[in-house]
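To keep things clear, I will list the structure first and then write my remarks on it.
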Amino acid sequence: MFLSSIVVPTDPNPQVYKILLPLAMLLILAKIFSLLLGRINVPQVIGYLLAGLVVGLIYLIPGQMILTEQTDEGISFFAKIGVILIMFSAGVETDIKKVKSVGLPSFIIALIGVITPMLLAFGLARVYDILTNNSLDLHIEGVSIYYTELYYGVILTATSVSITVAVLKEVGQLTSKVGTVLTSASIIDDVLGIIVLSLTISLSGVKNAGGDAKGFTDLASLTLGAMGDVGKNPAMNIFIIILFMAVFFAITIFAGRYIRKLFNWLGKKYPHHIRIVILSLGFCFLWAYLAELFNIADITGAYLMGLVLSSTVSHGYIDHRAETTSNYLFGPIFFGSIAMGLYTSFDAQQFVQFLTFGLLWIVVGLLGKIIGCGGAGLAFHFHFKDSLRIGFGMMARAEVVIVCAQKGVEAGLVSPNIMPFCLLLILVSSFITPICLKALYKGEPRVDGVETRTTPIVQEATNIANAEKSEGVNVESK
């Protein structure tokens, strides 16, 4: 395991109010940094991470009693809610109808775009482990090193086309064939990435090796434990885990039909009503809890419930409120806590050894999407230039990379040293993507009839504001 050079102090007189100071510092600095970085078109998540790095400097003060075991535990609680809300919002934003209606090219481009960077990163980790005598192995009993190596690839499956969409709007190509394929493929990419993440964590067995479900507290572990020696068979273990995943997805599909009907009824009878938001968050947390019981990552449960609600009449309102809740409080704390955690898990010597791998990992992450998605575009007879546009358009990364990496760190599958490289990957891809896309579209005639378009979520927010203004401000409807 990774040695910590900083010992977090224990407060001899712990009081609940003491968590308020680090929370206040995180939120204030997160807003300041995100505003400053926004001026140079850097994603606000970078500002949140920088805020955590600054607040984390308190760990270095001798005798400090601001960041203690007790306050860290409280911050971790807020962060847990934050990551669940982030993935729930991502699910609600997914246009499930478009997933069903897109043609084969979008699906294959997304699939190859997931597989290529994952395999390239796995190969990089495998070679690196061989050359350095398994220095990336966390040596958790019962966990194969191959799952550790594979998870470095799983982190790279995520994509973010928010920057790409902004560029396509600017050059008037959002409704072009390439633009449509990009937006559709990115939706499928998210779904596939979450499935791969949960499958890898579940099959690795890390929960039974000391994770959240120690002591046979999840259903899959209870089943394997009841099977005695038979349950210790690796093949049976994998079969039971996959079976429980299938059962959970089946339950979600079955229950989702009735949950959608409930929210469609609520949306028509009580449009823009606070009870819709409260119920949606309740189902979000319920599904995150059930996912853990079925030996699946909690963020997968939250994401799936978001998918269920994404096709209801209230999906725009739910997304607006959930995203607001996350962005105002829980999201900044989640990303800030990740940066703070680097101080307590950082090992200088191992980081130096990790540097070469980390930089190569970033290169693999960038090239994986270009090669995979661009190559798939060529296979479907897109012109070479259009294939490049697809590859570069799918290259951008954002907060989901951080979420996936953090789940791997928590599970003990990857080194905490990967986190700074996730940050660097987001920065590099955020700068390279718009530059390359604009260059590839230089001189191309506009396809869109207007310079800018109002996105569905912006339009929904406007509708909400107008509705609240006309109805008046009251506790029940606001």
**OP:** Work out from phi, with θ = phi - 60° and the Karplus expression 6.51 cos²θ - 1.76 cosθ + 1.60, the ³J(HN,Hα) of each residue of region 145-150, listed in order in whole Hz, and give x for Gly and Pro.
**Re:** 4, 5, 5, 4, 5, 5
Subject >> Inter-centroid distance (Cα atoms) of region 139-200 relative to region 377-416, Å >> reply: 4
Original post:
Using the count of nearby Cβ atoms within 10 Å as a rough guide to exposure, how do 444, 410, 399 rank from fewest to most?
Top reply: 444, 410, 399
**OP:** Would you mind ranking 69, 149 so that the residue whose beta carbon has the fewest other beta carbons within 10 Å leads the list?
**Re:** 69, 149
Original post:
In what sequence do 195, 338 fall when counting other Cβ within 10 Å, fewest first?
Top reply: 195, 338
**OP:** Would you mind pulling out the separation of the Cα centroids of region 283-330 and region 246-270, in Å?
**Re:** 13
Original post:
Taking θ as phi - 60°, what are the ³J(HN,Hα) couplings along region 26-34 by the Karplus curve (6.51, -1.76, 1.60), each to the nearest whole Hz, with x for Gly and Pro?
Top reply: 4, 5, 5, 5, 4, 5, 4, 5, 5
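Which FRET efficiency value, to the nearest 0.05, do you get for residue 253 and residue 432 by plugging their Cβ-Cβ distance into 1/(1 + (r/R0)^6) with R0 = 51 Å? Working shown, then result.
On the way: r = 39 Å, r/R0 = 0.76.
Between residue 253 and residue 432 the formula returns 0.85.
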Subject >> Nitroxide proxy distance, nm - points 7 Å out along Cα→Cβ at residue 24 and residue 40 >> reply: 3.0
Original post:
Taking K and R as +1 and D and E as -1, what net charge do the other residues with C-beta under 12 Å from the C-beta of residue 439 add up to?
Top reply: +3
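With r as the distance between the Cβ atoms of residue 146 and residue 239 and R0 = 22 Å, compute the FRET efficiency 1/(1 + (r/R0)^6) and round to 0.05. Kindly include the intermediate steps, with their values, before the conclusion.
Values: r = 18 Å, r/R0 = 0.83.
With a Förster radius of 22 Å, E is 0.75.
What does the extension gain come out to for residue 352 and residue 15, with contour length at 0.36 nm per residue minus their alpha carbon separation? Show your work: numbers first, answer last.
Values: separation 337, 0.36 × 337 = 121.32 nm, distance 3.88 nm.
Difference between extended and current length: 117.4 nm.
We did not get these values from a lab; they are worked out from the coordinates using the rules stated. Predicted model only: the values in this text are computed from it and were never measured. Glycine gets a Cβ as well: all are built from the backbone with ideal geometry, and neighbour counts include every protein chain shown.
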